[in-house]
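Q: One structure follows; several queries about it will come next.
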Amino acid sequence: MKIGIVCYPTFGGSGVVATELGMALADKGHEVHFITYNQPVRLDFISHRLHFHEVVLEEYPLFEYQPYELALSSKMVEIVQKYQLEVLHVHYAIPHAYAAYMAKKMLLDKGINVKVVTTLHGTDITLVGSHPTYKTAVEFSINKSDEVTAVSQSLKDDTLRLFNIEKDIKVVYNFIDGQKYAKAQNDECKRSALAQEHERILTHISNFRPVKRTDDVIKIFHKVQKKIPSKLLMVGDGPERLKAENLVKELKLEDKVLFMGNSNEVAKILCYTDVFLLPSKTESFGLAALEAMAAGTAVISTNSGGLPEVNIDGVTGFLSDVGDVEDMAKNAVHILKSDAVLNEFKMNAKEHTRLFSLDTILPQYESIYKKCYTVIV
């Protein structure tokens, strides 16, 4: 099939999933075209089956902010016509599904009936979608899509609660390419570059937005390192990074916390890691936790959103209430204090990710594409 993928080309979960999906589809023989304003950060190569088309925003003095949705719709129309795309798979209802609907209507005037598959990732529903300013547009975009998926049952429930949805929403979990993490573990994993032999390594990976509660990450680690010799890796960047760095200084943890910025070496970083910390206020799914588990890492997380569908309490890690730093620190110490306990959680975590393997999830998307498939005339 010929498939267009529209996503945010960033380090965030939705962009990562969309990019990995596109590359996997290309590997299966499909022709995939990414349509967005920058090349996605996880897009490793361009081939005869994998293409990137930049959405360019033209400067126009009338607009204080350039109308990205208009430029995106026009670009989608151009690429669908030029390459005879059959499906547009858009990640996020706003602005992508909204722009895709406009592209679809323009194409219908040209006798082209491209189908639109919308995947809901969370922020478009729980934060943007629930705001009165955007609610009507989000609801419209979802209902006008040909097929709709959500990355967790929790997100599907939130969508049906917040909006009047007429479409059937299918739950298709985010996926993981276990081979990538297995390779990183098989390669030489030089923990000694980051920690001494007797020290444990804890890691947090995010876009450092307030919803990630990076202050709680530091506070949890502060309590853990008092009982377990350890180091903390902070991977990512965003508006809360400076605040987190200041807290590290305030708690005198500078020699134990390493801020690594954004990285394409996530698999390698996670191969060093013993416990992954994700104390988010909410997660529609928790892709970062799943990536950690695929690398054989126990997870300490909150019990919000879709996280209980990924992190199984007492098996792959532990769940705590949002803001309960004391409980999360206690659970982390329980896992880290014994090699035997740590190794059991690590093995459980890696085994659980089989449910979210690429081989399991990719056919579900292919089935959805085929269901709404229409030959272009």
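Q: Per 0.36 nm of contour for each residue apart, how much would the distance between residue 357 and residue 372 grow if the chain were fully extended, relative to their Cα-Cα spacing?
A: 3.0 nm
Q: Roughly what would the spin-label model give for residue 1 and residue 166, points 7 Å off Cα along C-beta, in nm?
A: 2.3 nm
Q: Most exposed first by the Cβ proxy, i.e. fewest other Cβ within 10 Å, how do 146, 274, 313, 359 rank?
A: By the 10 Å Cβ count, ascending: 359, 313, 146, 274.
Q: Hey, another quick one. Looking at segment 235-313, which trypsin sites (Lys or Arg not before Pro) are in a loop (DSSP not H, G, I, E or B) and have at most 10 other Cβ atoms within 10 Å?
A: 252
Q: Ratio to report: Rg/Rh of segment 178-356, with Cα atoms as the point set and Rh obtained by the Kirkwood method; give two decimals.
A: My calculation puts Rg/Rh at 0.92.
Q: Tell me which GluC sites (Glu not before Pro) from segment 159-246 have a DSSP coil assignment and no more than 12 other beta carbons within 10 Å of their own.
A: Passing sites in segment 159-246 are 166, 188, 197.
Q: How about segment 295-377: which chymotrypsin sites (Phe, Trp or Tyr not before Pro) there lie in a loop by DSSP and see at most 13 other Cβ atoms within 10 Å?
A: Of the chymotrypsin sites (Phe, Trp or Tyr not before Pro), the ones in loops of segment 295-377 whose Cβ has at most 13 other Cβ atoms within 10 Å are 373.
Q: I need the calculated FRET efficiency for the pair residue 84 and residue 157, taking r as the beta carbon distance and R₀ as 25 Å, to the nearest 0.05.
A: That gives a FRET efficiency of 0.10.
Q: OK, next. Work out which helices of the chain, taken as complete DSSP H runs, extend at least 15 Å along their axis over the Cα atoms and score a mean Kyte-Doolittle of 0.0 or more, then list them.
A: 13-27, 68-83, 98-108, 325-336
Q: How compact and how long is the chain, expressed as Rg and Dmax of its alpha-carbon atoms in Å?
A: According to the Cα coordinates of the chain, Rg and Dmax are 21.4, 68 Å.
Q: Relative contact order for the chain: what is it in percent, counting Cα pairs under 8 Å that are at least 6 residues apart?
A: It rounds to 14 percent for the chain.
Q: Also, I was wondering about something else. Could you sort out which of 28/212; 144/281; 190/219; 115/156; 104/212; 75/115 sit more than 25 Å apart by Cα distance in this structure?
A: 28/212; 144/281; 190/219; 104/212
Each value in this text was obtained by applying a stated rule to the coordinates, not by laboratory testing. Bear in mind the structure is a predicted one, so any value in this text is a computation, not a measurement. We place every Cβ from the backbone using ideal geometry, glycine too, and count neighbours over all the protein chains shown.
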